[in-house]
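Remarks on the structure that follows.
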Amino acid sequence: MMKKIKILSCILLLISALACEEDKLDIEKFGSVSGIILDGETYASLEGVQIATNPASSSSITNADGVFTFSKVKEGDIAITARKKDYLSSTVSVAVYDNETTNLTFFLLKDDNNVGWVTIYDPVPGNGATDQNVSLNFQWQVDQENNGKELEYTVYYYKSNSTTQKVAGENLTINEVVVSDLEYNTTYYWFVVAKYEGNRVANSPTWTFRTEDSND
């Protein structure tokens with residue numbers, strides 16, 4: 001009798017272990033991303049463009065047809081940045097789904113003012129943040145190739161399912177701005193536009209957060 005109980009216990013433990021392993025496998029889901037980089041004026045394909053992802057998965061360089069591919073990218077939202085000498089950098093946020101390929105097209109513009117690449121990253125509140133106050137201090141970090149070019153920033157935000165964007169701050173010379181009178185229990189999206197001498201030189205990815213419940 002004891003032997004049967006021990007065998008049954010081993011079987012139950014094995015089933016439990018397999019179930020846990022299956023749950024683990026369900027979490028690690030991957031898709032792929034493929035895209036093409038074009039000159040924003042001539043629409044010619046651009047070879048040798050550096051492509052990077054955030055969260056970091058790997059890096060790539062476009063081929064002679066301007067094409068790049070990431071064959072294994074973790075499911076979820078990802079920011080993809082394209083950089084090439086003599087062109088302004090560009091960043092796009094896309095969603096990656098399990099066993100699906102996300103396709104996109106970049107248009108890079110010539111860097112006529114020698115600004116170099118500009119990357120806007122590390123937002124506060126963080127992308128996907130929840131339970132946020134209805135009065136917030138938006139912050140972000142900037143890396144740029146040519147630090148001698150002083151940039152100005154305009155910050156936009158909007159509610160989920162809204163077609164109307166609001167300006168949180170315009171022509172800012174610091175990397176932060178206060179936003180007040182947000183609605184409770186609401187999902188918001190926001191992004192930053194960098195300008196040099198009035199010309200747009202970079203966009204941040206579009207980030208999202210959700211405010212706290214009114215009863216909190």
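Structure data summary
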{"item": "Top-ranked residue of the stretch 106-126 - restricted to ones that are surrounded by 17 or more Cβ atoms within 10 Å (Cβ to Cβ) and part of a loop (DSSP other than H, G, I, E, B), ranked as modelled with the highest pLDDT", "result": "Pro125"}
{"item": "Residue list for the stretch 24-83, restricted to those being open to solvent by 20 Å² or more (accessible area, probe 1.4 Å) and among the charged types (D, E, K, R)", "result": "Lys24, Asp26, Glu28, Lys29, Glu41, Glu47, Asp65, Lys72, Lys74, Glu75, Asp77, Arg83"}
{"item": "The stretch 84-97 - residue that is surrounded by 12 or more Cβ atoms within 10 Å (Cβ to Cβ) and not in a strand (DSSP E or B) and, of those, modelled with the highest pLDDT", "result": "Lys84"}
{"item": "Neighbours by Cβ (under 7 Å, 6+ apart or cross-chain): first from the stretch 185-210, without any contact (Cβ under 8 Å) to a residue 12 or more places away in the chain; second assigned to a strand (DSSP E or B) and of a type in the set (Val, Ile, Thr)", "result": "Arg200/Val193"}
{"item": "Boolean, Gln141 is without any contact (Cβ under 8 Å) to a residue 12 or more places away in the chain and surrounded by fewer than 16 Cβ atoms within 10 Å (Cβ to Cβ)", "result": "no"}
{"item": "Residues (in contact with a Phe, Trp or Tyr (Cβ under 9 Å, 6 or more places away or on another chain) and of a type outside the set (Asp, Glu)) located in the stretch 86-101", "result": "Tyr87, Leu88, Ser89, Ser90, Thr91, Val92, Ser93, Val96, Asn99"}
{"item": "Cross-chain or 6+ apart pairs with Cβ under 6 Å, the stretch 115-131 first and under 26 Å from Asn147 (Cα atoms), then acidic (Asp, Glu) and assigned to a strand (DSSP E or B)", "result": "Thr119/Asp143"}
{"item": "Tally, over the stretch 111-152, of residues that are among the hydroxyl-bearing types (Ser, Thr, Tyr) and over 23 Å from Ser180 (Cβ atoms)", "result": "2"}
{"item": "Some residue of the stretch 139-149 being part of a loop (DSSP other than H, G, I, E, B), within 18 Å of Ser93 (Cα to Cα) and over 18 Å from the mean Cα position of the chain (by Cα)", "result": "no"}
{"item": "Selected residue (only one of Val155, Val142, Val134 is farther than 21 Å from Asp77 by Cβ and at pLDDT 90 or above)", "result": "Val134"}
{"item": "Subset tally (residues that are in a loop (DSSP other than H, G, I, E, B), within 19 Å of the chain's Cα centre (by Cα) and not polar (S, T, N, Q)) for the stretch 159-216", "result": "1"}
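The values are calculated or read from the model by the stated rules, or taken from the named source; none is laboratory data. The shown structure was predicted, so the numbers you read here are calculated from the model rather than taken from an experiment. A quick note on method: Cβ atoms are made from the backbone with ideal geometry, for glycine too, and the neighbour counts reach across all protein chains shown. In case anyone asks, the SASA skips ligands and DNA or RNA and just uses the protein heavy atoms, side chains included. Shrake-Rupley method; radii C 1.70, N 1.55, O 1.52, S 1.80 Å.
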